[in-house]
Amino acid sequence: MFAVATAAIIIAMTLALIRAFAGPSLYDRVLAGNSFGTKTVLLIGVMGFLTGRPDFLDIALLYALINFAATIAILRFFSYRTPKGAPAEPQKAPAAPAEGDA
């Protein structure tokens with residue numbers, strides 16, 4: 001039963017990697033990376049249960065914390081970064097005149 005769960009997790013990890021490489025936007029790739037990390041935590045937990053080593057759960061919890069912190073750090077990095085060649089501040093379009101103005 002747990003071998004089937006392990007195989008399903010590995011298949012889901014493969015699909016997350018495919019999405020990470022083929023994602024159309026940056027946020028799709030970050031989400032796929034976070035999903036891959038979450039499935040890695042699940043895989044570590046299942047492998048710890050299969051081998052009878054409960055200390056794997058501690059490793060899985062530590063990896064989950066690192067995955068969360070890394071995802072937040074990556075999103076913060078890309079939210080403050082401006083694309084190359086783009087102005088530092090977005091330019092506002094001129095306001096349209098009101099109906100009564102001539």
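Any read-out appearing in this document is the output of simple, stated calculations on the displayed coordinates, not a laboratory observation. Source: prediction; values computed, not measured. Here the Cβ is made from the backbone with ideal geometry for all residues, glycine too, and neighbour counts use every protein chain on show.
Rounded to the nearest Hz, the phi-derived 3J(HN,Hα) couplings of the range 41-53 under the Karplus curve 6.51 cos²θ - 1.76 cosθ + 1.60 (θ = phi - 60°) are 4, 4, 5, 5, x, 5, 5, x, 5, 5, 8, x, 10, where x marks glycine and proline.
To the nearest 0.05, how large is the calculated FRET efficiency for ILE59 and THR6 if R₀ is 22 Å and r is the Cβ-Cβ distance? Intermediate values should be presented prior to the final figure.
Details: r = 16 Å, r/R0 = 0.74.
So, using R0 = 22 Å, E works out to roughly 0.85.
Once a ≥ b ≥ c are taken as the square roots of the eigenvalues of the Cα gyration tensor of the range 2-80, is the result rounded (a/c under 1.5), prolate (a/b larger than b/c) or oblate (a/b not larger than b/c)? Because a/c hits 1.5 or more and a/b fails to exceed b/c, the range 2-80 counts as oblate.
Taking label points 7 Å from Cα along the Cα-to-Cβ direction, LEU50 and ILE74 give a separation of 2.5 nm.
Summing Lys, Arg as +1 and Asp, Glu as -1, what charge do residues with Cβ under 15 Å from the Cβ of LEU17 carry, LEU17 excluded?
Details: positive: ARG19, ARG29, LYS39; negative: ASP28.
Net local charge, LEU17 excluded: +2.
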